[in-house]
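Report on the structure given below.
Every number here is computed from the coordinates shown, using simple stated rules; none is lab data. Keep in mind that this is a model prediction, so the values were computed, not measured. Heads up, the Cβs are rebuilt from the backbone with ideal geometry, glycines too, and the neighbour counts pull from every protein chain shown.
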Amino acid sequence: AGIDALPALRAQDARIAVAEADVRLARADKRPDWKVGVTYGRRDPMYGDMASVGVSIDLPLFAGKRQNPRIAASESLAQGGRFDREAIRRELVAQLDADLADHAMHLSRLRNARETLVPLARHRAELDRDSYGAGKLDLGAALLTTLGLAEAEVEALNREADVARDAVRITITYGEERP
């Protein structure tokens, strides 16, 4: 997919296409318009049938006052649409960069929790449990370190949820398989 396939940019592309069609229409008004008409009318026998042929040419006189300002205005609107599209695209790219940075930060925090915080809390809980078993530490202190281990594991799970939430948001918003 990619940034250019996002709905905000596709909608802006449609607005630009409409503005460019308006430019082509305004330019078409500057060319002479030819019309030829033929009619045949069957009337009452008392009056006879009627036929007519007509030719008309619409000349774009005074183009400087009529067509040129219209062309310039429609070109200006089309150019404004292209500028708006670029601004929207830049905002989307900046938002994607911010989302990817958040994801990288959350992933780093998850690795830190899994590789450092939880193992340290587990080691400390084991040491305090052994100290309690040897009679060198009271039960309350041993339970507090076990509670600290549980809190570290819950924090690691919260960080894992943050990483998953980021991945889902990026996938849904930007249409990529993996951030």
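Remark on L137: its backbone amide H falls under 5 Å from those of Y132, a criterion applied only to residues 5 or more positions apart or on other chains, H modelled at 1.01 Å from N.
Sequence-ordered 3J(HN,Hα) estimates for segment 161-175 from the Karplus curve with 6.51, -1.76 and 1.60 and θ = phi - 60° stand at 5, 4, 5, 5, 4, 4, 4, 5, 4, 5, 5, 5, 6, 10, x Hz, glycine and proline given as x. Between L127 and L100, the contour length at 0.36 nm per residue exceeds the alpha carbon distance by 5.8 nm. Cross-link reach is defined here as a Cα-Cα straight distance under 17 Å, omitting same-chain residues fewer than 8 places apart; for K65 the lysines meeting it are K30.
Excluding D49 itself, calculate the net charge of residues whose Cβ lies under 12 Å from the Cβ of D49, where each Lys or Arg counts +1 and each Asp or Glu counts -1. Provide the component values of the computation, followed by the final result.
On the way: positive: R42, R43; negative: D44.
Combined, the nearby Lys, Arg, Asp and Glu give +1.
Across segment 93-106, rounded Karplus estimates of 3J(HN,Hα) from the backbone phi angles (6.51 cos²θ - 1.76 cosθ + 1.60, θ = phi - 60°) give 5, 5, 5, 4, 4, 5, 5, 5, 5, 4, 4, 4, 5, 5 Hz, Gly and Pro being marked x. Each residue in Y174, Y40 was given a count of other beta-carbon atoms within 10 angstrom of its own, and listing them fewest first yields Y40, Y174.
Kirkwood hydrodynamic radius, the chain, all distinct C-alpha pairs: what's the number in Å? Don't jump to the answer; show the numbers that get you there.
Values: mean 1/r = 0.0417 Å⁻¹.
Its Kirkwood hydrodynamic radius stands at 24.0 Å.
If the chain linking L147 and E20 were pulled fully straight, counting 0.36 nm for each residue of separation and taking away their Cα-Cα distance, it would gain 39.0 nm. Cα centroids of segment 1-19 and segment 46-82: 31 Å apart.
A helix-only calculation puts the chain at -24000 deg cm²/dmol for mean residue ellipticity at 222 nm, using -39500 (n - 2.57) for each DSSP H run of at least four residues, averaged over all residues.
For segment 1-97, GluC sites (Glu not before Pro) meeting the loop criterion (DSSP other than H, G, I, E, B) and having at most 11 other Cβ atoms within 10 Å: none.
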